[in-house]
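Novice: Structure in structure tokens, see below.
Bear in mind these aren't lab numbers, they're just calculated from the coordinates by the rules spelled out. Owing to the predicted nature of the structure, the values given are computational and were not obtained by experimental measurement. Here the Cβ is made from the backbone with ideal geometry for all residues, glycine too, and neighbour counts use every protein chain on show.
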Amino acid sequence: MERFVAKGSRRRWIILLLFFGLLFLAAVAFHRTILTAMGEHLLAQDKLEKSDADLVLSGEDGDGTRTRKAVDLYKQGWVKKVVLSGARGSFGHYETDYSGPLALSLGVPQKDLIIIPSRARSTLEEANAVIPQMERAGIHSMILVTSNFHSSRARRYFRRVCGDRMRVLVCPADNEFFHPDSWWQTREGMKYFLWETVKFWTSYFE
């Protein structure tokens, strides 16, 4: 009887080892596909429709890729206004102190530019601060412009805050440090992925 139990136990261990061995081989063989899918999980992109305005969220990096994307949408006729949200940063400056002049230099006339500085310290706080001011400006539909890795979480927050009062579409801007098909190959890419993944899942509890 003991010998039978021992054989059964060894058999289970062999099956487990074979299972994890096959799992490891599959992970090695398909790691690029799996990691790319994990990166793409953070992204959102809606089919564009003409809207009252696009909204650039705080958190610019590089040379203002979010603002440049919003200006492109404006020039292509997708929106009538460009709204710039700017959180307070170092030395008392707001991000809009820089994104505003950039948008003007790229050809957005002052009359079509709405600048909203705030002291928001998170995406949810930014949504609560910016949306009422957009509504007072008569905006009922927007295209949300933010970095690619931030797009899914940002859309969820803004749709939650807007409810049925405002249509929210998202159009992500490229980020020089995060590429969904290769984020694991650079230190910066891994930092963006890990940090945003934590925020993505914790956002369900806010």
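Novice: Please sort through the DSSP H helices of the chain and keep those with an alpha-carbon extent of at least 27 Å along the long axis and a Kyte-Doolittle average not below 0.0.
Specialist: Working: long enough: 2-29 (40 Å, 1.10).
Membrane-span-like by this criterion, though nothing is claimed about a membrane: 2-29.
Novice: How far apart, in nm, are the 7 Å Cα→Cβ label points at D72 and T202?
Specialist: 3.2
Novice: Another question, then. For the charge dipole of the chain, defined by +1 on Lys and Arg C-beta atoms and -1 on Asp and Glu C-beta atoms about the Cα centroid, which residue among W195, G89, I143 has the Cα displaced farthest towards the positive pole?
Specialist: W195
Novice: Work out how much length D46 to Q185 would gain on full extension: take 0.36 nm times their residue separation and subtract the Cα-Cα distance, in nm to one decimal. Don't skip to the end; give the middle numbers.
Specialist: Working: separation 139, 0.36 × 139 = 50.04 nm, distance 2.76 nm.
This chain segment gains 47.3 nm when fully extended.
Novice: Moving to a separate point now. Are there any GluC sites (Glu not before Pro) in region 114-176 that are in a DSSP loop and have at most 14 other Cβ atoms within 10 Å? List them by number. Working shown, then result.
Specialist: Working: sites: E125, E126, E135, E176; in loops: E176.
Listed in order of number, the matching sites are E176.
Novice: Could you give the length gained by full extension between K111 and W195, i.e. 0.36 nm per residue of separation minus their alpha carbon distance, to one decimal place? Please list the in-between numbers first.
Specialist: Details: separation 84, 0.36 × 84 = 30.24 nm, distance 3.75 nm.
Full extension from K111 to W195 adds 26.5 nm.
Novice: Count neighbours as other Cβ atoms within 10 Å of each site's Cβ, and list the trypsin sites (Lys or Arg not before Pro) in region 37-117 that are DSSP loop with at most 14 such neighbours. Let's see the in-between values first.
Specialist: Values: sites: K47, K50, R66, R68, K69, K75, K80, K81, R88, K111; in loops: K47, K50.
Here the sparse-neighbourhood loop sites are K47, K50.
Novice: When DSSP assigns beta bridges and you keep just the ones with both residues in the chain, what percent turn out antiparallel, to the nearest 5? Present the calculation step by step, with values, prior to reporting the outcome.
Specialist: Working: 1 of 23 bridges.
Given both bridge residues lie in the chain, the antiparallel proportion sits at roughly 5 percent.
Novice: How many Lys pairs in the chain lie less than 17 angstrom apart by Cα atoms, where the lysines are 8 or more positions apart or on different chains?
Specialist: The number of close lysine pairs in the chain is 11.
Novice: Next up: Relative contact order for the chain using alpha-carbon pairs under 8 Å, separation at least 6, rounded to a whole percent?
Specialist: On the way: 302 pairs, mean separation 49.5, N = 206.
Relative contact order comes out at 24 percent.
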